[in-house]
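Some notes on the structure that comes next.
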Amino acid sequence: MPPSTTVRLALACLLPLASAACAAPQAGDPPGPPEPPIVEPSPRLVLLGEVHDNAEGHRQRLEAVRGYTGSDDFPVVIAMEQFDRERQTDLDAAMARCADAACVIEAAAPDKAGWNWEFYAPVIQHALDHDIPLVAANLSRADASKVVKEGFDALPRDLRDAFDLDRPLPEALLSAQVEAVRDGHCNMLPESLLEPMARAQVARDVAMADAMLRALPESGGVVLLLAGNGHVKRDIAVPWWLRGSGEQWVAVGYLETPVEPGAYRWFDSIHEIPPAEREDPCAAFKAPAR
């Protein structure tokens, strides 16, 4: 089997939706007819979730990233929530001149934006070592704040047009995002802020979906998105906005145990990871001023 074929089948086997492609010929099998042309079974858009502060989840996901990037003839692009989309020029320049991840982070995320970069430096270093393009996929806090205040009119016109954001959001989508914002802020946000902040979350999902679609390699290959599990959920997040693209995608969650049974409908596959030790995130929560 040619090396390129082996690589494609190996990559296909990483995805649950491509399990039919994982049966390789066994020794002693009778000869069959000539093999048909290889048809790529794997989705070209792969969304890999995370619990932001869970080191084991980051370690496991790094192994998945390395699995996708093991061949020079299989183009891969990595889109990252941790870089804001307006930093793409800085990110490109840093990837061209930097030798280590710290240099890239300092150039493309100088304010550090609250991320624990120790978890993301290995991915960035892997991209540097293997000449893998990185895409700044997220909406900045400043732009998200504008959406909270002004709605989707604060977004660039091309982004609004591409995803029909001039139309009302489906009620089920907006309601689910409102509940996610409510839960994520320990039920301490004023009701008046829930829907505006839910729209900001939607705007982030739209920005990441747009970044993935724009980054698709013309010669095949995949775009990997590294983002929080909340952005990877099939029902309300980035995958929802990929549905009209004509591209196939797969969503992989990295969830802390015990995983609630209902979570399995949100992802195509789940990696169960031990919970990280942390203080109660709601203990010192303060609701933002109105």
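FYI, it's all coordinate maths here, none of it is from the lab. Not measured: the values here are computed from a predicted model. With ideal geometry, Cβ positions are generated from the backbone for all residues, glycine too; neighbour counts draw on all protein chains shown.
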Requested in this report: Once you have a ≥ b ≥ c as the square roots of the Cα gyration tensor eigenvalues for the stretch 42-90, tell me rounded if a/c is under 1.5, and otherwise prolate or oblate according to whether a/b is larger than b/c.
Outcome: oblate
Report summary line: Taking a crude spin-label model, label points 7 Å out from Cα along the C-beta direction, the E272 to A93 distance in nm is 4.8 nm
Report summary line: proj_area_mean for the stretch 217-290 (convex hull on C-alpha atoms), units nm², value 8.1 nm²
Query raised in the report: PRE reach from D100 (point 7 Å along Cα→Cβ): which of the stretch 126-158 fall under 18 Å by backbone N?
Result: 126-130
